[in-house]
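Below is one structure, written out as structure tokens; comments come after it.
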Amino acid sequence: MLEITPRMIAAFTLAGLFQALVPQEVIVGWMGHGSGFKGILIGMSLGGITPGGPMTHFPVIASLFKMGVGIGPLVAYLSAWSLFGLQRVIMWEIPFLGPKVVAIRIAVSFLFPLVAGWLCELVWDKLHV
């Protein structure tokens, strides 16, 4: 609890600041429901470059969902964060596995966040008509 509590406080503060500083109309315009592949690509790009662990990401994801971001961009964000987390690739994967293995892994899994976001968008539309 002592280790996790400060991280959770920071994550919820970050999520609240994000909601307060970025106009909802901008976020919904870029990544809202119906933003299509543009929103999914933005979510995928942001997920790949955003540092931090699950304790920081999930409050931000919840905040984005409440702001009106579509399920496709959110799934693409989480998938890209899991697969391509830039800080993890640089700090852990390349030193341990080498650049060739990491490049092949990224190349093979590159389309997954895009496909996952698109499929989740389709399923979400069917379930929430």
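Using a ≥ b ≥ c from the Cα gyration tensor of the range 13-57 (square roots of the eigenvalues), is it rounded, prolate or oblate, where a/c under 1.5 gives rounded and otherwise the larger of a/b and b/c decides, a/b for prolate?
Oblate shape, in that a/c is at least 1.5 and b/c is the bigger or equal ratio.
Can you tell me the order of 74-87, 45-58 when each peptide is scored by its average per-residue count of other Cβ atoms within 10 angstrom, highest first?
Final packing ranking: 74-87, 45-58.
Taking one equal scatterer on every alpha-carbon of the chain, how large is log10 of I(q)/I(0) by Debye at q = 0.12, 0.13, 0.20 1/Å?
Computed log10 I(q)/I(0) values: -0.50, -0.58, -1.12.
Step by step: find N for the range 45-108, compute 2.2 N^0.38 Å, then divide the Cα radius of gyration by it. What's the final number?
The range 45-108 yields a ratio of 1.23.
Where Lys and Arg each count +1 and Asp and Glu each count -1, what net charge lies around residue 33 among other residues with Cβ under 11 Å from its Cβ?
-2
Any read-out appearing in this document is the output of simple, stated calculations on the displayed coordinates, not a laboratory observation. Remember, it's a predicted structure, so these values are computed and weren't measured experimentally. Note that we place each Cβ from the backbone using ideal geometry, even for glycine, and neighbour counts take in every protein chain shown.
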